[in-house]
Amino acid sequence: MVSEIDDKYLIHLMRLRLLVARAGEMDNGRWWSTNGLLGQLGTVALKRGFPKSHQFAQARAVFSVAARRCLEVFDPPEAVTLWKLPAEVEDRFDSMWSSWTEQSDDWIPFFEKLKAPRDIDLLGTMRELALIEETEIGEAKKLKRTADHRAVLLPGLRKLSRGTLTLLAAGFFRSERGNPTIPYVAIECK
């Protein structure tokens with residue numbers, strides 16, 4: 001599986017996680033307890049201590065809180081979520097942080113687009129940021145919440161691909177303000 005994971009795949013994952021992390025903050029969807037950490041408030045709080053890498057410090061903090069909150073809401077056995085991917089993928093993702101922070105200027109435009117607090121139309125914002133294709137939007141709109149409203153199952157056994165990651169992020173659009181709904185999927189292990 002690792003051989004199929006290239007830098008573009010990991011950049012896409014980073015952008016998806018950033019968008020969902022920002023969408024779930026208290027000044028947006030209220031899914032986790034960070035409040036504007038990926039917004040202007042977080043920039044002001046962390047820029048002095050991390051002048052070149054504050055965006056990534058902000059992201060790490062929100063990712064950690066979001067991942068923990070999602071596990072509290074729904075932790076699917078033998079399945080993956082946007083915040084709980086196979087260890088080999090997470091290891092490769094973590095190994096990219098140093099190169100991303102070295103090229104932090106390249107990331108500034110994306111971070112800037114996420115700053116303003118707003119009720120995020122997740123699918124619309126994904127389209128605006130070129131993170132989702134029209135066919136994937138159609139597929140995401142067909143996703144249903146489980147009876148207890150804690151999760152959204154992506155149907156079928158899937159490969160861990162760019163499209164699967166996109167739908168794991170897009171499925172958060174089924175969440176309600178203050179109540180995250182966690183998209184998950186069973187993946188093929190090869």
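In the Gaussian network model of the chain, springs joining C-alpha atoms below 10 Å, which of Gly39, Gly124, Gly171 carries the largest mean-square fluctuation? Looking only at Gly39, Gly124, Gly171, the largest GNM fluctuation is found for Gly124. Result for the chain in a Gaussian network model with C-alpha springs under 10 Å: among Thr135, Thr146, Thr166, the largest mean-square fluctuation is at Thr135. GNM remark for the chain: springs join alpha carbons under 10 Å apart, and the peak mean-square fluctuation among Ala116, Ala59, Ala169 falls on Ala116.
For the range 2-187, what relative contact order do you get, as a whole percent, if you take Cα pairs closer than 8 Å and at least 6 residues apart? Let's see the in-between values first.
On the way: 240 pairs, mean separation 53.1, N = 186.
Across the range 2-187, relative contact order equals 29 percent.
By the equivalent-ellipsoid construction on the alpha carbon gyration tensor, the range 93-165 comes out with semi-axes of 28, 18, 13 Å, ordered largest to smallest.
When the helices in the chain are scored as -39500 (n - 2.57) per DSSP H run of 4 or longer and the sum is shared across all residues, what 222 nm value do you end up with, to the nearest 500 deg cm²/dmol? Can you show the working numbers first?
Values: 8 runs with 96 residues, N = 190.
Only helices count here, giving -15500 deg cm²/dmol.
Projecting the Cα atoms of Trp32, Phe93, Leu160 onto the charge dipole of the chain (Cβ charges, centred on the Cα centre) puts Trp32 farthest toward the positive pole. Using Cβ point charges alone (K and R +1, D and E -1), the dipole size of the range 84-156 about the Cα centre works out to roughly 560 debye.
In a reduced charge model with +1 at each Lys and Arg Cβ and -1 at each Asp and Glu Cβ, the chain shows a dipole moment near 480 debye about its Cα centre.
Among the DSSP beta bridges whose two residues both lie in the chain, what percent are antiparallel, rounded to the nearest 5? Numbers along the way, then the final one.
Details: 4 of 9 bridges.
Approximately 45 percent, going by the DSSP bridge assignments.
Sequence-distant contacts, meaning Cα pairs under 8 Å at least 6 residues apart, place the relative contact order of the range 108-189 at 29 percent. Pairs Lys8/Lys144; Lys113/Lys159; Lys8/Lys159: which are spaced more than 26 Å apart, C-alpha to C-alpha? Lys8/Lys144; Lys113/Lys159, as the Cα separations exceed 26 Å there.
Taking every pair of distinct Cα atoms and averaging 1/r, then inverting, what Kirkwood hydrodynamic radius in Å comes out for the range 2-187? Hydrodynamic radius (Kirkwood, Cα pairs) of the range 2-187 is 16.5 Å.
Here, each number is a calculation from the coordinates, and none is a lab measurement. Quick caveat: nothing in here was measured; it's all calculated off a predicted structure. Reconstructed Cβ throughout: ideal geometry from the backbone, glycine too, with neighbour counts over all protein chains shown.
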